[in-house]
Structures are given as structure tokens and as C-alpha cells.
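Remarks on the structure that follows.
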Amino acid sequence: MYSVKIPQERIGVLVGKNGETKSEIEKRSLVTLTVDSSSGDITIDDSKATDPEMTLRARDVIRAIGRGFSPQRAFRLFDTGTYLEVIDLKDFTGKNSKRAKTVRARLIGTRGKTRHLIEELSESYVSIYGNTASLIGDYVQNQISRESVLMILRGNQHSTVYKYLERKRKDIRLAKLDSV
């Protein structure tokens, strides 16, 4: 049995319309989810699960939805070789709420341009939610998107980050060729 806590405002997304998202997670991973909507606690009962890895993947899907990803994007975590990574922005901002707001704005960019370019060029998914930046992708994709997020957090100019992403795009293509 595992327990995961997600923000209360994300419970509705986790459950989905008529419980569809919750049912899909249970079906794919053979676990039973118990949702406490008042506290945000999710209990994962894996007593019927046949594959312990799928239980951990279900936990990561729940965490991803709690970190702001849509269920469709979070379901990518059921694929082998895809991982969730969460970067705590407080490590870079401390308790300074004004600085945290600035950092989130820099990561998202004007009309979402920065987040969109990181996703497009690294072929990963990025979500900035609360005090976290979360990534979904394979090892190479997450490594590249993590570095680009860290570059922005360290104060690098956006143009420098975009150039880095363009250079690293070749690494992603090579990794795809190696996996075929």
C-alpha cells in the first residue's frame, strides 16, 4: 500500500468526469485507489496488482496530475522508460514569494513561449505548478529539459537557453535512433 498527497484543487482532475480518470489508472495498473477529497490523500492498494512496477507508475501518474499535468500527459508515465521529475523552486527562491513569482514567470515566458519551447525542443512535457517545475519524458529528454529549467533558474538569458535546446535536439534524435 502506498499513499500520495495531492493538492485538493487537483482531486477533480484525478477523479475525472464520472470517475473516468481514476478508473483508467486502476485498469492500467491493477490497483485500487481510495480518494479522500477533504485532505487530498490518495491511498493505492496494490494487493491485486501483478506487476509492482505498475504500482509505482500509478503513483507517479497520480503525482503528475497533482503537479498540474493533464491526465493524458500523465498517462505517458505508463510507458516503459518514461519518468517523472519534480524540481522544487523553493531551492532557488527561498521563502521570498516575490522572487518565486518572478521565477515562475521566467519559466513560463510570455504567453507560455519558454515552457512551450522547452517542451517542443526536448520532446518532454513541462508543468509549472505551485512551487514546482515538473517534467515527463525519457532519460535524455528529462536531462535536457531539467538543464534548461535550471539554466533559467540560475538567471541565464532565455536566448542562451533556446540555443542550448537547439544544440541538444541532436542528442534526442540520436537517442531515438539507438532505441530503434
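Determine, for each peptide in 69-80, 158-169, the mean count of other beta carbons within 10 angstrom over its residues, then list the peptides with the highest first.
The densest-packed peptide leads the list: 69-80, 158-169.
If one computes P(r) from the Cα atoms of the chain, what percent of pairs lie at distances over 19 Å? List each step's numbers first, then the result.
Details: 9617 of 16110 pairs.
Value for the chain (Cα pairs over 19 Å): 60 percent.
Round to a whole angstrom and tell me the spacing of the C-alpha centers of region 42-67 and region 141-180.
29 Å
Kirkwood hydrodynamic radius for region 83-179: how many Å is it when counted over pairs of different Cα atoms? Intermediate results must be reported in sequence, preceding the final value.
Working: mean 1/r = 0.0745 Å⁻¹.
For region 83-179, inverting the mean 1/r across all distinct Cα pairs yields 13.4 Å.
Restricting to DSSP H runs of at least four residues, report the calculated mean residue ellipticity at 222 nm for the chain, -39500 (n - 2.57) per run over all residues, nearest 500 deg cm²/dmol. Don't jump to the answer; show the numbers that get you there.
Details: 9 runs with 97 residues, N = 180.
Estimated from H runs of four or more residues: -16000 deg cm²/dmol.
For region 78-180, what's the relative contact order in percent, using C-alpha pairs closer than 8 Å and at least 6 residues apart?
Normalised by residue count, the contact order of region 78-180 is 29 percent.
Which listed residue (Ile118, Tyr129, Ala100) has the Cα farthest towards the positive end of the charge dipole for region 73-131, taking +1 on Lys and Arg C-beta and -1 on Asp and Glu C-beta about the Cα centre?
So the residue furthest toward the plus end is Ala100.
For region 2-78, what relative contact order do you get, as a whole percent, if you take Cα pairs closer than 8 Å and at least 6 residues apart? Provide the component values of the computation, followed by the final result.
On the way: 117 pairs, mean separation 27.5, N = 77.
Answer for region 2-78 is 36 percent.
Treating only the Cβ of Lys, Arg, Asp and Glu as charged (+1, +1, -1, -1), what charge dipole size does region 2-78 show about its Cα centre? Round to the nearest 20 debye. Kindly include the intermediate steps, with their values, before the conclusion.
Numbers: 13 positive and 11 negative charges, 61 e Å.
Its charge dipole is roughly 300 debye.
For a quick protection proxy, order the peptides 133-144, 21-32, 38-49 by their average other-Cβ count within 10 Å, most packed first.
133-144, 21-32, 38-49
Where a number appears in this text, it was derived from the coordinates with a stated rule and is not lab data. Predicted model only: the values in this text are computed from it and were never measured. Glycine gets a Cβ as well: all are built from the backbone with ideal geometry, and neighbour counts include every protein chain shown.
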